[in-house]
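Novice: Below are the structure tokens for one structure; questions will follow.
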Amino acid sequence: MEYESKLPYHTQRMHAAAVYCSDGRVCEQYDDFLKNGLNLPRYDRVALPGGPACLAGYTAARLEEAGVLDELKFLVDAHGLQRIVLIQHEDCAFYKSHLQVREQSLEQLQKADLVRAAHMIRHVIKMDNVEGYFAKRTETGVTFVPVKLD
Ligand SMILES: [Zn+2]
């Protein structure tokens, strides 16, 4: 079955990318936040299990790390990327299943990993314009809390 999306196609790029976990439960909220919270509609998406956790230096995520860094380099060259938004989310299964983390305060670790991921991007991709957020569930939805990355 062929399907035509009636959403308009825009030729201009945003020169911004977001790196986040591919968990389908929060992807619509990510889109809402990037589009309406940060005014970045049509941003480039780098979505994979764990998102920025893959750039935090875990041995278990070495392959993912190489892949994400390659993808970001490509976006810098091909899409003129100038800004990178990193998002971690509460209750991310990647930490428990893939990284085997048994940390009590997973949120603190995830925030520290945002700092490590930003450092890696600044070091390897040579881009300073990196920002981080932690997505937390609320009664009615998801809130995005800025995380200081310096
Ligand atoms: Zn996740």
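Derivation of every value follows stated rules applied to the coordinates shown; laboratory data play no part. As the structure is a prediction and not an experimental result, all values here were calculated from the model. Please note: Cβ atoms are built from the backbone with ideal geometry, for glycine as well, and neighbour counts cover all protein chains shown.
Novice: Can you tell me the dipole magnitude for the chain around its Cα centre, using point charges on the Cβ only (Lys, Arg +1; Asp, Glu -1), in Debye to the nearest 20?
Specialist: 280
Novice: Right, something else. At most 12 other Cβ atoms within 10 Å plus a DSSP loop assignment makes a site exposed; report the longest stretch of the chain without any exposed GluC sites (Glu not before Pro). Walk me through the intermediate numbers first.
Specialist: Numbers: sites that count: 2, 4, 103, 139.
Excluding the exposed sites themselves, the longest stretch runs over 5-102.
Novice: Obtain the radius of gyration and the Kirkwood radius of segment 16-147 from its C-alpha atoms and give Rg over Rh. Let's see the in-between values first.
Specialist: Details: Rg = 13.7 Å, Rh = 14.7 Å.
My calculation puts Rg/Rh at 0.94.
Novice: Could I ask something else about it? Net charge around residue 85, counting only other residues with Cβ within less than 11 Å of its Cβ (Lys, Arg = +1; Asp, Glu = -1)?
Specialist: 0
Novice: Still on this structure: Which percent, to the nearest 5, of DSSP beta bridges fully inside segment 33-150 are antiparallel?
Specialist: Around 50 percent of the beta bridges assigned by DSSP in segment 33-150 are antiparallel ones.
Novice: Where does the longest stretch of the chain lie that holds no trypsin sites (Lys or Arg not before Pro) found in a DSSP loop with 12 or fewer other Cβ atoms within 10 Å?
Specialist: 26-101
Novice: As a check on your grasp of the helix formula, calculate [θ] at 222 nm for the chain: sum -39500 (n - 2.57) over DSSP H runs of n ≥ 4, divide by the residue count, round to the nearest 500.
Specialist: -8000 deg cm²/dmol
Novice: Putting +1 on Lys and Arg Cβ atoms and -1 on Asp and Glu Cβ atoms, find which of 22, 76, 141 reaches farthest to the positive end of the dipole of the chain.
Specialist: Sorting the options by dipole projection puts first 76.
Novice: Can you flag which of 73/96; 6/73; 126/148; 73/148 are past 21 Å Cα-Cα?
Specialist: Table pairs above 21 Å Cα-Cα are 73/96; 6/73; 73/148.
Novice: Apply 1/(1 + (r/R0)^6) to the Cβ-Cβ distance of residue 59 and residue 36, taking R0 = 41 Å, and write down the FRET efficiency to the nearest 0.05. Before the final figure, lay out each step's value.
Specialist: Numbers: r = 38 Å, r/R0 = 0.92.
Given R0 = 41 Å and the Cβ-Cβ separation, E is 0.65.
Novice: Let me ask something else. Find how much the distance from residue 5 to residue 143 grows on full extension, using 0.36 nm per residue of separation minus their present alpha carbon separation; answer in nm with one decimal.
Specialist: Additional length available on full extension: 46.8 nm.
Novice: Please state the charge dipole magnitude for segment 69-110, taken about the Cα centre, from unit charges on C-beta atoms (+1 on K and R, -1 on D and E), reported in debye and rounded to the nearest 20.
Specialist: Dipole magnitude for segment 69-110 comes out near 60 debye.
Novice: Out of segment 1-102, which chymotrypsin sites (Phe, Trp or Tyr not before Pro) are coil in DSSP terms and have no more than 16 other C-beta atoms within 10 Å?
Specialist: Answer by residue number: 3, 9.
Novice: Can I ask one more? What is the Cα centroid distance between segment 26-54 and segment 69-108, reported in whole angstrom?
Specialist: Centre-to-centre (Cα) distance: 11 Å.
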